[in-house]
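Heads up: the structure comes next, in structure tokens.
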Amino acid sequence: MLITVLLSLVFAVAPPAGDIVVDSRQTFEEAIAGTSAPDSIVRMLTLVDVEYYSFDGRLHRGQIVIHREAADDIRQIFREIKARRFPVQSAIPIKFDKPDNGTSMDTLNNTYGFHYRPKTTFRTARLSAHAYGRAIDINPFRNPAVLRNGRIIPACGQYDPQVPGTITAASFLVRYFRQLGWRWGGSWTSVKDYMHFEKP
């Protein structure tokens, strides 16, 4: 009886199969609320709406905060992601009022762009390309960073090229990003940051 009730509740609130699942629908002000980034950086950012198929096989709509000069690239890349049905878990701007300055990688396999913080893959106080809105991380759980000492970021991440949503050197994503002038962290020699693309 309890199972029947629970199932009826699930299907009662589930949207129709043809509808787009909205992962993020924020204003720009909401998307950057709480960031410690200076105004000189914030003024260069914009909020881009993107669509993608997630791991549930359904079409989703999310948002990426990115540098204005990279906005058209992100739109083109996500059109290709959608066309090829490359699965993306979600695309939700970082919540800066959360612990660790809003990092979402520890709890979500979330794709994001702007994040005002230092580099996490190197021992340095230098700002990450994310801090300027010039980088994007895609499916961090499927495409973790692997440091020299073997440490994995995020800790629960697993890199398996055979698993959908994983980025490899032969991936269309790597080729497409490179054509637009981006660099892939998976090709670095000191560390392997498979989720990471950045544009100088």
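The values are calculated or read from the model by the stated rules, or taken from the named source; none is laboratory data. Note that this is a predicted model, so its numbers are computed, not measured. Every residue, glycine as well, gets a Cβ built from its backbone with ideal geometry; the counts of neighbours run over all protein chains shown. We work out accessible area using only protein heavy atoms, side chains counted, and drop any ligands, DNA or RNA first. Shrake-Rupley method; radii C 1.70, N 1.55, O 1.52, S 1.80 Å.
Would you mind stating whether R126 is open to solvent by 50 Å² or more (accessible area, probe 1.4 Å), touching a residue at least 40 places away in the same chain (Cβ under 8 Å), within 24 Å of G34 (Cβ to Cβ) and not aromatic (F, W, Y)? No, not satisfied.
Among the residues of the stretch 36-94, those identified as open to solvent by less than 40 Å² (accessible area, probe 1.4 Å), in contact (Cβ under 8 Å) with a residue 60 or more places away in the chain and assigned to a helix (DSSP H, G or I) are I41, A70, D73, I74, I77, I81. In the stretch 162-170 there is at least one residue matching the filter, namely being surrounded by 14 or more Cβ atoms within 10 Å (Cβ to Cβ) and either hydrophobic (A, V, I, L, M, F, W, C) or farther than 26 Å from R79 by Cα (or both).
Let's see how each residue does on (1) without any contact (Cβ under 8 Å) to a residue 40 or more places away in the chain; (2) under 13 Å from D193 (Cβ atoms):
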residue: I138; (1), (2): no, yes
residue: R151; (1), (2): yes, yes
residue: P154; (1), (2): no, yes
residue: Q158; (1), (2): yes, no
residue: G165; (1), (2): no, no
residue: Y176; (1), (2): no, no
residue: L180; (1), (2): no, no
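Considered as a group, the residues in the stretch 145-159 that are part of a loop (DSSP other than H, G, I, E, B) and either under 23 Å from Q63 (Cβ atoms) or in contact with a Lys or Arg (Cβ under 8 Å, 6 or more places away or on another chain) (or both) include one that is most open to solvent (accessible area, probe 1.4 Å), and that residue is Q158.
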